[in-house]
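Peer 1: Next up is a structure, given as structure tokens.
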Amino acid sequence: ASINQAKAFRTRDGGGEEIRKLLLKMAKDRKNLEYRDQIYYALAEVEIEDDNMDKGIEYLELSVRTSLNNVEQKGISFMKLGDIYLNQREYELAKINFDSTLIFLPPEAPDYGKIEDLDEGLSSLIVDLNTIQLNDSLLHLASLTQKEQEKIILGLIVQKEKERDEELLAAQNLEKNKGRKLSPSVPLTAGRSNSSSNSKGDWYFYSPGIMSAGFSQFKQKWGSRKLKND
């Protein structure tokens, strides 16, 4: 009932802060662990309706991360994230989330066909945008003097060497921690293309983009599996 009350919330009706407090209290209650994905989704809808887009994205990411057995809700949360990033013209992030939507949303869902078409269109769009960006970069580079070109190339070489050193260090740390329990200090890291989505750092489980890519790989290899005892 509380979730439905939040879904019916409109900014002009007021009472948003009261609904937020109620839903957050529900999310902290251990007996509601199974429903936290729906609670966070409801919180996201309240924030988005109130034009707090960053907070809405944060709650949608929490909805995805806390989902236990409700696969369809996870698909709906990914779809909402995809719509938001599409409106913000963050096309790569939108595609990542629509990819995950197609994994978790049942094919008979009303919007499944629309998301399939949208996802396919985004694939072509991203290729075209990357081509344009590359050509623009090459044209800009060609317009520079030889000294300016050498400075840019030297900077790229330094950056590549830094990335190589970081990869070697990460591999050494993984080897050192092999057999130990994984924690946020273990370097399961990757960069985020949208710094506003999450400010907690680059740990794997703080990055919905990386997690959704992992979901995709898992689904391709193992298919759809429920979280239950063998």
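Peer 1: Over all alpha-carbon pairs of region 3-139, lay out the pair-distance distribution in 5 Å bins, whole %, shortest bin first.
Peer 2: Taking every Cα pair in region 3-139, the percentages come to 2, 11, 18, 18, 17, 13, 9, 5, 3, 2, 1, 0.
Peer 1: Enter the accessible area per residue of region 49-96 (Å², integer; probe 1.4 Å; all protein chains in place).
Peer 2: 46 Å²
Peer 1: Something else about it: Kindly write out, for region 31-44 in residue order, the coupling ³J(HN,Hα) from the Karplus curve 6.51 cos²θ - 1.76 cosθ + 1.60 (θ = phi - 60°), rounded to whole Hz, with x marking Gly and Pro.
Peer 2: With coefficients 6.51, -1.76 and 1.60, one gets 6, 9, 4, 5, 10, 4, 4, 6, 5, 5, 5, 5, 4, 4 Hz.
Peer 1: Once the dipole of region 1-152 is set up with Lys and Arg at +1 and Asp and Glu at -1 on Cβ about the Cα centre, which of Ala142, Leu43, Phe78 lies farthest towards its positive end?
Peer 2: It is Leu43.
Peer 1: Could you calculate the contour length gain from Asn4 to Thr131, that is, 0.36 nm times the residue separation minus the distance between their Cα atoms, to one decimal place in nm?
Peer 2: Result for the pair: 41.2 nm of gain on full extension.
Peer 1: For region 41-120, what mean projected area does the convex hull of the alpha carbons give, in nm²? Mind dumping the intermediate values first?
Peer 2: Values: hull surface 19.9 nm².
Averaged projected area of region 41-120's Cα convex hull equals 5.0 nm².
Peer 1: Here's something else I'd like to know. Would you kindly derive the ³J(HN,Hα) couplings of region 79-94 from the backbone phi angles with the Karplus curve 6.51 cos²θ - 1.76 cosθ + 1.60 (θ = phi - 60°), listing them in order in whole Hz, with x for Gly and Pro?
Peer 2: Values, residue by residue: 5, 5, 4, x, 4, 5, 5, 5, 5, 8, 6, 8, 5, 5, 5, 4 Hz.
Peer 1: Only Cα pairs under 8 Å and at least 6 apart count here; give the relative contact order of region 1-142 as a rounded whole percent.
Peer 2: Relative contact order here is 15 percent.
Peer 1: Taking every pair of alpha-carbon atoms in region 98-141, what share in percent sits in each 10 Å bin, from 0 to the bin with the longest distance?
Peer 2: 26, 34, 20, 15, 5
Peer 1: Do any of Lys176/Lys228; Lys114/Lys228; Lys55/Lys80; Lys74/Lys219; Lys31/Lys228; Lys28/Lys219 go past 20 Å between their Cα atoms, and which?
Peer 2: Flagged as over cut-off: Lys176/Lys228; Lys114/Lys228; Lys28/Lys219.
The values are calculated or read from the model by the stated rules, or taken from the named source; none is laboratory data. If you're wondering where the values come from, they're calculated on a predicted model, not measured in any experiment. Counting neighbours? That spans all protein chains shown, and the Cβs are built from the backbone with ideal geometry, glycine included. Areas reflect the complete protein model, heavy atoms only, side chains present, ligands, DNA and RNA absent. Shrake-Rupley method; radii C 1.70, N 1.55, O 1.52, S 1.80 Å.
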